Amino acid sequence: MNNIFDFKRFGNYFLYDLRRAKNNYGLSLLIIGVIPAILYLIFQFINLIGGNGIVELPDEMKFMSIFIAALIVYFGAGAKIYGFVTEKRAGSDFLMLPASTLEKWLSMALMVCVILPVILFALFFATDGLMGLIFPNSYGDRLFSLSLGQELTDMLDAEGVYFNMPAILFLGWCETVLTFTLGAICFKKAKVAKTFLCLMGISMVLSTLMVAFFGTSHFDSDWLTAHFSDPNKAISTVNWFISIIYTVIIGGLLGGLYYRLRTIKH
């Protein structure tokens, strides 16, 4: 069992992996975390150049900043933190580290699915809070004080739809970041571009299969109404379908990461 998993060895390796991630991606993550301040400065600079003076930052730009931050991390984090695995010298050193494949895989999964978003959003909301405190008139309300997310949840609940926003956001994060992390340890060059190409190919195949089985690749309220007479049953079916899809995709990605780590050779 010690050859497969040992708590002490895993703890030492995880701390090492954390330090390496900080060295490889710490500065980039810090810059991404202050995007609210960057967008604020750009927005005010443009307004000053245009002769409009200092104006309040629109709420839409605050939401755009968190969207931009997530996209940058989605596409770049895996390659920056673990892209070296495909390099001959660095990859060989990685294989020689005193940790099992399971421990390396678990550390990788925790790093990109838990540690990375926690640090990113801690930095993001700290920056957002400071901006709201220092520039209350021109920055406006802090992002986490805006009620848009709660209003959306209340609206869906009023329609009888159970909407677990935190779970959906977390699963969406895991799905995307694991995809590009897998691409980072599979492709030696153009890691992000080749991952995108693979996603496009998979999307085309899945769309073709969905049309073949269901007659459509687009499931909207009209399709649900035509196939389910009971709205509650339709909602329950959609929730189960989404849960199964996320389980299959994330499970497949985690399995792919483990298989790649176990079989990689230099």
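Tabulated data for the structure shown
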item: Check on residue 133, assigned to a helix (DSSP H, G or I), at pLDDT 75 or above and either small (Gly, Ala, Ser) or closer than 30 Å to residue 261 by Cβ (or both); result: no
item: Every residue from the range 188-211 that is in a loop (DSSP other than H, G, I, E, B) and touching a Ser or Thr at 6+ places or on another chain (Cβ under 7 Å); result: 188
item: The range 85-101 residues that are under 13 Å from residue 262 (Cα atoms) and without any contact (Cβ under 8 Å) to a residue 40 or more places away in the chain, paired with ones that are of a type in the set (Lys, Arg) and in a helix (DSSP H, G or I) (beta carbon under 9 Å, 6 or more apart); result: 94/104
item: Residue match in the range 140-161 (condition: under 30 Å from residue 198 (Cβ atoms) and at pLDDT below 85); result: no
item: Single unsatisfied condition, residue 8 versus (1) basic (Lys, Arg); (2) surrounded by 15 or more Cβ atoms within 10 Å (Cβ to Cβ); (3) over 25 Å from residue 189 (Cα atoms); result: (2)
item: The range 248-266 residues that are assigned to a loop (DSSP other than H, G, I, E, B), paired with ones that are of a type in the set (S, T, N, Q) (beta carbon under 6 Å, 6 or more apart); result: 266/92
item: Failed item in (1) at pLDDT 60 or above; (2) surrounded by 13 or more Cβ atoms within 10 Å (Cβ to Cβ), with residue 219 passing the rest; result: (1)
item: Residue within the range 55-77 that is aromatic (Phe, Trp, Tyr) and at pLDDT 90 or above present; result: yes
item: The range 16-71: number of residues that are open to solvent by less than 40 Å² (accessible area, probe 1.4 Å), without any contact (Cβ under 8 Å) to a residue 12 or more places away in the chain and more than 26 Å from the chain's Cα centre (by Cα); result: 2
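Here is a yes/no grid of residues against (1) surrounded by 18 or more Cβ atoms within 10 Å (Cβ to Cβ); (2) aromatic (Phe, Trp, Tyr):
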{"residue": "82", "(1), (2)": "yes, yes"}
{"residue": "85", "(1), (2)": "yes, no"}
{"residue": "88", "(1), (2)": "no, no"}
{"residue": "92", "(1), (2)": "no, no"}
{"residue": "97", "(1), (2)": "no, no"}
{"residue": "103", "(1), (2)": "yes, no"}
{"residue": "108", "(1), (2)": "yes, no"}
{"residue": "117", "(1), (2)": "yes, no"}
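The values are calculated or read from the model by the stated rules, or taken from the named source; none is laboratory data. Predicted, not measured: the structure shown is a model, and the values here were computed from it. Using ideal geometry, Cβ is built from the backbone for each residue, glycine included, and neighbour counts are taken over all protein chains shown. The protein model used for the area step is the full one, side chains on, heavy atoms only, and it has no ligands, DNA or RNA in it. Shrake-Rupley method; radii C 1.70, N 1.55, O 1.52, S 1.80 Å.
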